[in-house]
């Protein structure tokens, strides 16, 4: 949150619009250095994003990016280990807004296990360009996107034994390189 003489500044009009639309949902807002973030429950994420896109008062018609953050070892306690973050832009107002959902694994994070707690709904029905961004998050962090049209690895091979952007993944890997034949110019 941003610090000023009167405390955190949460005056972005999208906070009020979301709160009015979803009075029974646990929504939280933060603002840091002029960047506003709405924190929602993972189960409510698709519904809130659909509202932010289609509502005339918000009109976030462009999904700039989707990313994920592993908060393992973060100095401040977080509501979940992983944060899936949507970077929305209203092209009409030249306004940027972030939406975040936290996920906490329910299974050990080593290996390529499909953890039922690391799931959010896909937004490819709202923004078709989300397809590859969701695949990258799945590949690197293991977060799955329900109703995704083609959820498979995008950067690593299907049998890769883990998700390398998780903070508990060994920097030197788990021996993956040693198991595969090196391809050079003469053998390709």
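Which order, highest average first, do 35-44, 54-63 follow once you tally other Cβ atoms within 10 Å for each residue and take the mean per peptide? Write down the numbers at each step before the final one.
Details: 35-44: 17.8, 54-63: 16.1.
Descending packing order for the listed peptides: 35-44, 54-63.
Using r as the Cβ-Cβ distance of residue 94 and residue 165, and R0 as 35 Å, what FRET efficiency do you calculate, to the nearest 0.05? Before the final figure, lay out each step's value.
On the way: r = 31 Å, r/R0 = 0.88.
According to the calculation, E is roughly 0.70.
Under the definition of Cα pairs under 8 Å and six or more residues apart, what whole-number percent is the relative contact order of the chain?
Values: 302 pairs, mean separation 28.7, N = 188.
This gives 15 percent for the chain.
Roughly speaking, what is the stretch gain from residue 43 to residue 17, that is 0.36 nm per residue apart minus the C-alpha to C-alpha distance, in nm to one decimal? Walk me through the numbers on the way to the answer.
Working: separation 26, 0.36 × 26 = 9.36 nm, distance 1.92 nm.
Fully extending the segment from residue 43 to residue 17 adds 7.4 nm.
For 127, 157, which order do you get if you count the other beta carbons within 10 Å of each Cβ and list the fewest first? Intermediate results must be reported in sequence, preceding the final value.
Working: 127 20, 157 9.
Starting with the residue having the fewest Cβ neighbours, the order is 157, 127.
In nm, to one decimal, how far is the modelled label at residue 117 from the one at residue 64, with both set 7 Å along Cα→Cβ?
Output for this residue pair reads 3.2 nm.
Quick check on the chain: helices-only [θ] at 222 nm, where DSSP H runs of length 4 and up contribute -39,500 (n - 2.57) each and the sum goes over total residues. Nearest 500, please. Don't skip to the answer; put the middle values down first.
Details: 3 runs with 31 residues, N = 188.
Mean residue ellipticity at 222 nm (helix-derived): -5000 deg cm²/dmol.
Can you give the % of DSSP beta bridges in the chain that are antiparallel, to the nearest 5? Write down the numbers at each step before the final one.
Working: 22 of 29 bridges.
About 75 percent, rounded to the nearest 5.
Could you tell me the distance between the Cα centroids of the stretch 132-153 and the stretch 57-89, to the nearest Å?
Each part's Cα centre sits 15 Å from the other's.
Relative to the longest principal axis of the chain, what angle (0 to 90°, nearest 10) does the C-alpha long axis of helix 45-54 take?
60
Only the coordinates and a few stated rules stand behind these numbers; no lab work does. None of these values were measured; they are calculated from a predicted model. As a convention, Cβ positions derive from the backbone with ideal geometry for all residues, glycine included, and neighbour counts pool all protein chains shown.
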